[in-house]
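A short write-up of the structure that comes next.
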Amino acid sequence: MSQTLRFTLPGGAERAIDVRYALNAGYAGRDTPQVQHHVDELAELGVPAPKRIPTLYPLSASLVSRPEIVQVAHGKTSGEAEWALIVGDGPDDLLLTAACDHTDRALEVHGVAWSKQSAPDLLGDMAWPLAAIEHELDDFTLKAWVRHGEREQLIQDGTLAQLLPPAYWVKELGSLLRPGTVLLSGTIPMIAGVDQFADAWRVELTDPRGVTSRILYSVEQLAAAWE
């Protein structure tokens, strides 16, 4: 099972990747205070702390997509701004793009792995060859905005220096990074006081020259189940 996603490279060329595997990293901040902040954020929603940090959730590749609308069963779902590592033809053919891990927060209290399987991993429109930008990754900015009605608010604002780098995961995962694998990085903290349960999400990953990989989608709540 695979699906093909297309990415624009910085020079304007296009790259098609057949996505076959998906992995979500979690609690992947570089410093203990940031990781604890995310643990505390989720604890407020009733999500227990993981047994291992950082952690990893293998997912169905069918969840990796680029929808304009994410349909959800209720109002307690939200995104998370991240980067994604994409394995092309082999371990030396790696791309980096923006990502947003949309998650069911109500289901998350019963099991994070279950919640990850319930909503999509969205990827950006453009990607960088990792080898060309790996030396400057800490200078990449990662931001997310939420929209409630006509009002848009910044909810996440940081840099990739806050997250474990791709090199860490390449070393730790080894043979799990097979051709067609997409790895999401884990996220940065949300800004306190901003409502994450939004009508829409926008994520931008931007390099030091101002080149940006973007994600934009709205959230549509479905009709209630007949129970």
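Ranked for footprinting exposure by Cβ neighbours inside 10 Å, fewest first, Lys143, Lys171 give Lys171, Lys143. Would you work out if the stretch 32-100 is rounded, prolate or oblate? Take a ≥ b ≥ c from the square roots of the eigenvalues of the alpha-carbon gyration tensor; rounded if a/c is under 1.5, else prolate when a/b is larger than b/c, oblate otherwise. In terms of gyration-tensor shape, oblate.
Take the alpha carbon gyration tensor of the stretch 150-204, find the square roots of its eigenvalues, order them as a ≥ b ≥ c, and report rounded if a/c is under 1.5; if not, report prolate when a/b exceeds b/c, else oblate.
Numbers: a/c = 3.67, a/b = 2.19, b/c = 1.68.
The shape class here is prolate.
Excluding Thr187 itself, calculate the net charge of residues whose Cβ lies under 9 Å from the Cβ of Thr187, where each Lys or Arg counts +1 and each Asp or Glu counts -1.
Details: positive: none; negative: Glu80, Glu82, Asp101.
Here the charged neighbours net out to -3.
Take every pair of alpha-carbon atoms less than 8 Å apart whose residues are at least six positions apart; their mean separation over the length of the stretch 75-127 yields a relative contact order of 35 percent.
Could you tell me what % of all Cα pairs in the stretch 106-169 have separations over 15 Å?
Details: 1431 of 2016 pairs.
That tail contains 71 percent of the Cα-Cα pairs.
Using just its DSSP H runs of length 4 or more, each adding -39500 (n - 2.57), the chain gives a mean residue ellipticity at 222 nm of -3500 deg cm²/dmol after division by all residues.
Once you've got the GNM for the chain with C-alpha springs shorter than 10 Å, pick whichever of Asp40, Asp104, Asp18 has the biggest mean-square fluctuation. Looking only at Asp40, Asp104, Asp18, the largest GNM fluctuation is found for Asp40. The value of relative contact order for the chain, using C-alpha pairs under 8 Å at least six residues apart, is 27 percent. Cross-link reach is defined here as a Cα-Cα straight distance under 18 Å, omitting same-chain residues fewer than 8 places apart; for Lys51 the aspartates and glutamates meeting it are Asp31, Asp40, Glu41, Glu108, Glu172. With both labels modelled 7 Å from their Cα along Cα-to-Cβ, the Gln153 to Arg20 distance reads 4.4 nm. Across the stretch 180-187, computed HN-Hα scalar couplings (Karplus, 6.51 cos²θ - 1.76 cosθ + 1.60, θ = phi - 60°) run x, 8, 10, 10, 8, 7, x, 10 Hz from first to last residue, x flagging Gly and Pro. Shown is the FRET efficiency for Thr55 and Ala167, computed with R0 = 22 Å from the Cβ-Cβ distance and rounded to the nearest 0.05: 0.75.
What is the fewest-to-most order of Thr103, Thr187 by other Cβ atoms lying within 10 Å of their Cβ?
On the way: Thr103 25, Thr187 28.
Ordered from fewest to most neighbouring Cβ atoms within 10 Å, Thr103, Thr187 come out as Thr103, Thr187.
Comparing the chain with the 2.2 N^0.38 Å rule of thumb, its C-alpha radius of gyration ratio is 0.95 (two decimals).
No value in this document is a laboratory result; all are computed from the given coordinates. Fair warning: this is a prediction, and the values are worked out from it, not measured in the lab. Positions of Cβ are generated from backbone atoms using ideal geometry, with glycine treated the same way; all protein chains shown enter the neighbour counts.
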